[in-house]
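The values are calculated or read from the model by the stated rules, or taken from the named source; none is laboratory data. If you're wondering where the values come from, they're calculated on a predicted model, not measured in any experiment. Positions of Cβ are backbone-derived with ideal geometry, glycine not excepted, and every protein chain shown enters the neighbour counts. With ligands, DNA and RNA removed, areas are computed over all heavy atoms of the protein, side chains included. Shrake-Rupley method; radii C 1.70, N 1.55, O 1.52, S 1.80 Å.
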Amino acid sequence: MADTPFIARGFHSRRAPATPGRLPPGQYETRDFPVLSAGPTPRTPLAKWDFTIKGVDDRSVRWSWDELRAFPHETPNVDIHCVTKWSKFDTSWEGISVDTLLNAALAAGVQDAPYVMAFSDGGYTTNLPLADVTGGKAWIAFGYDSAPLPPEHGGPARLLVPHLYFWKSAKWVRGLQLLREDRPGFWEQLGYHDRGDPWREQRYQGDP
Amino acid sequence: MTDLRAVGAPPRLEWLVSTVAKVHNETRRARTLVLDVPLWPGHRAGQHVDVRLVAEDGYQAQRSYSIASPPESPSLELTVERLDDGEVSPYLCDVLRVGDGLEIRGPIGGYFVWDVAQGGPLFLVAGGSGIVPLMAMMRHYAAAPNELRADVPVRLLYSARTLDDVIYRDELEMGSRVDARVSLALTRDAPAGWGGYRRRIDRAMLEEVGWPPNESPRVFVCGPTPLVESVANLLVEIGHVPSRIRTERFGPTG
Ligand SMILES: Cc1cc2nc3c(=O)[nH]c(=O)nc-3n(C[C@H](O)[C@H](O)[C@H](O)COP(=O)(O)OP(=O)(O)OC[C@H]3O[C@@H](n4cnc5c(N)ncnc54)[C@H](O)[C@@H]3O)c2cc1C
């Protein structure tokens, strides 16, 4: 069925195609920055904000906003892809590599594991293999386009995992829980794919 | 959080070629497609489908569209608002005709859904084509047995540009017959003698037409991003519990 797509009578592309090789299948380029979330935007004052990495044995490290910001910053420039079909090229961020934070946590005695669950204000969670947030592939981002990340886009801080669909880039992130076994997060329990690679179109459970 | 998937991974959602059985214009800019879908597994009010258009040269475009028909309906209905400079909606509104095939897959989404058995009170807030999934909820409500409905009062606040842009207008005007109170807010033009609101949704309006927070309503908000963002923030300010407010944002159309 999916192998020979049905041709829609009279349908033609209306726009010049994006740079070849840059748009994953089923996506279109947008210049807006759409907002997608399941509920209202939570707002936690920075004085009460902290970021926690929890190990499998419940040993954890916690950083306040100022402590987190004291880690070295990076400024990734990346393309992002949302499961609702939009992609946005060349977005510029400021944040801290998840590698940096995990290394600091491990050095402080937090026990390593092969999976993580990101958790956020408002109860949102999303699961990832550790390998998808390490090796320079993921950040805790607090800046967007040379300004603080706006609340509707996940500010004060969100996870940024640009090589996966954007629901993995948990907004309003408050920490990472290391897990021995993979477990579905919020959208994953509601039918979305466990990994979410846009290049393989892993949108929903059961996709390749 | 409990694992809703305890019974095992669901099968892959396949692309299905549905057939356009009927079309009708809802407004100058919105059209309803009535689709026959072989082997449709059924859906819940509030879910959506993905539509895929493939051109002869292989170019493809995909978009999501909410399901307008209630679970009780034998056919699947989508209501699409035409964006003149859009890619998919002008095709669905202007080119697609009865007898054509249309590739869809679904149903998708298990969060922005409501079932009369979950109870209420229910407060629905829509902007523009954001009425579509909320209409599926209203229709599902209207199809429910009287005993179930009696305990679930419904209020709907719908913001549109002009009266002519109100999708499902006739049906909404009958809303009172099923004890649903419908309030309209027109943001651009209103006819002479218009008795409804004539401004964007604001805090006072939400307090007037919505349920107070102490009644613990379930709230669903759907429409263009700026509307959803502002309404959800106002509801939290008024004192509604964030976890009772579910939102669906219709992407870059805001
Ligand atoms: C869960 C969900 C449910 C939805 N349900 C409905 C529904 O029931 N009814 C409905 O009508 N819609 C619904 N939508 C919105 C729908 O998916 C489409 O976004 C909408 O129809 C617009 O698609 P389009 O292809 O016509 O426009 P697009 O081509 O996506 O363009 C949208 C706008 O963006 C601008 N734009 C985007 N990219 C470019 C570019 N490269 N160059 C220039 N301009 C650009 C255009 O100005 C245009 O106005 C839903 C969305 C979601 C996520």
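Annotations
- A:Q202 meets the conditions (1) part of a strand (DSSP E or B); (2) of a type in the set (S, T, N, Q); (3) open to solvent by less than 20 Å² (accessible area, probe 1.4 Å) in every case but one. The failed one is (1).
- Checking the stated criteria, B:A185 turns out to be farther than 30 Å from A:W167 by Cα, in contact with a Gly (Cβ under 7 Å, 6 or more places away or on another chain) and small (G, A, S).
- Restricting segment A:84-116 to residues that are away from the ligand (no atom under 16 Å from the Cβ) and hydroxyl-bearing (S, T, Y), the residue that is nearest to the other protein chains (Cβ to nearest Cβ) is A:Y115.
- Hey, A:P129 free of Cβ contacts under 8 Å to residues at least 12 places away in the same chain, more than 20 Å from B:R249 (Cα to Cα) and either polar (S, T, N, Q) or surrounded by fewer than 19 Cβ atoms within 10 Å (Cβ to Cβ) (or both) or not: no
- B:R244 being within 14 Å of another protein chain (Cβ to nearest Cβ) and open to solvent by 30 Å² or more (accessible area, probe 1.4 Å): yes
- Enumeration of residues in segment B:218-230 that are more than 9 Å from chain A (Cβ to nearest Cβ) and either touching a strand residue (DSSP E or B) at 6+ places or on another chain (Cβ under 7 Å) or open to solvent by less than 30 Å² (accessible area, probe 1.4 Å) (or both): B:R218, B:V219, B:F220, B:C222, B:G223, B:P224, B:L227
- Taken over segment B:44-58, the criterion of being open to solvent by 10 Å² or more (accessible area, probe 1.4 Å) and within 13 Å of the ligand (Cβ to nearest atom) is satisfied by B:Q47, B:H48, B:R52.
- Considering residues of segment B:59-72 that are under 22 Å from B:L96 (Cα atoms) and in contact with a His (Cβ under 9 Å, 6 or more places away or on another chain) only, the residue most open to solvent (accessible area, probe 1.4 Å): B:Y59
- Considering only residues in segment B:59-95 that are assigned to a loop (DSSP other than H, G, I, E, B), more than 9 Å from the ligand (Cβ to nearest atom) and more than 8 Å from chain A (Cβ to nearest Cβ), the one that is nearest to A:R31 (Cα to Cα) turns out to be B:S69.
- Any hit, segment B:198-217, residues being within 16 Å of the ligand (Cβ to nearest atom) and either open to solvent by 40 Å² or more (accessible area, probe 1.4 Å) or within 14 Å of chain A (Cβ to nearest Cβ) (or both): no
- The residues in segment B:96-134 that are within 15 Å of the ligand (Cβ to nearest atom), open to solvent by 10 Å² or more (accessible area, probe 1.4 Å) and under 16 Å from B:V80 (Cβ atoms) can be counted, and the count is 2.
- Selection of first residues in segment A:134-163 that are modelled with pLDDT under 95 and of second residues that are acidic (D, E) and buried (at least 18 other Cβ atoms within 10 Å of the Cβ), restricted to Cβ pairs under 6 Å at least 6 apart or on distinct chains, gives the following pairs, ordered by first then second residue: A:E152/B:E229.
- So B:F112, is it under 14 Å from B:F220 (Cβ atoms) and either modelled with pLDDT under 95 or of a type in the set (D, E, K, R) (or both): yes
- Those residues of segment A:16-44 which are more than 7 Å from chain B (Cβ to nearest Cβ), within 8 Å of the ligand (Cβ to nearest atom) and modelled with pLDDT of 80 or more, in sequence order: A:E29
- Odd one out for B:R249, checked against (1) open to solvent by less than 20 Å² (accessible area, probe 1.4 Å); (2) modelled with pLDDT of 90 or more; (3) within 11 Å of chain A (Cβ to nearest Cβ): (2)
- Segment B:105-124: number of residues that are in contact with a strand residue (DSSP E or B) (Cβ under 9 Å, 6 or more places away or on another chain) and within 10 Å of chain A (Cβ to nearest Cβ): 8
- Residue in segment B:140-152 that is touching a residue at least 60 places away in the same chain (Cβ under 8 Å) and either within 16 Å of the ligand (Cβ to nearest atom) or within 14 Å of chain A (Cβ to nearest Cβ) (or both) present: yes
- Test: residue in segment A:99-120 that is within 26 Å of A:Q27 (Cβ to Cβ) and open to solvent by 30 Å² or more (accessible area, probe 1.4 Å): no
- Residue, farthest from B:D164 (Cα to Cα), within segment B:178-190, restricted to residues that are of a type outside the set (A, V, I, L, M, F, W, C) and either surrounded by 14 or more Cβ atoms within 10 Å (Cβ to Cβ) or without any contact (Cβ under 8 Å) to a residue 24 or more places away in the chain (or both): B:D179
- Candidates A:D57, A:D66, filtered to the one that is part of a loop (DSSP other than H, G, I, E, B) and over 18 Å from the mean Cα position of the chain (by Cα): A:D57
- Which numbered condition B:G193 misses (of (1) open to solvent by 80 Å² or more (accessible area, probe 1.4 Å); (2) within 21 Å of the chain's Cα centre (by Cα)): (2)
- Out of A:F142, A:F119, sole residue that is within 13 Å of chain B (Cβ to nearest Cβ) and not in a helix (DSSP H, G or I): A:F119
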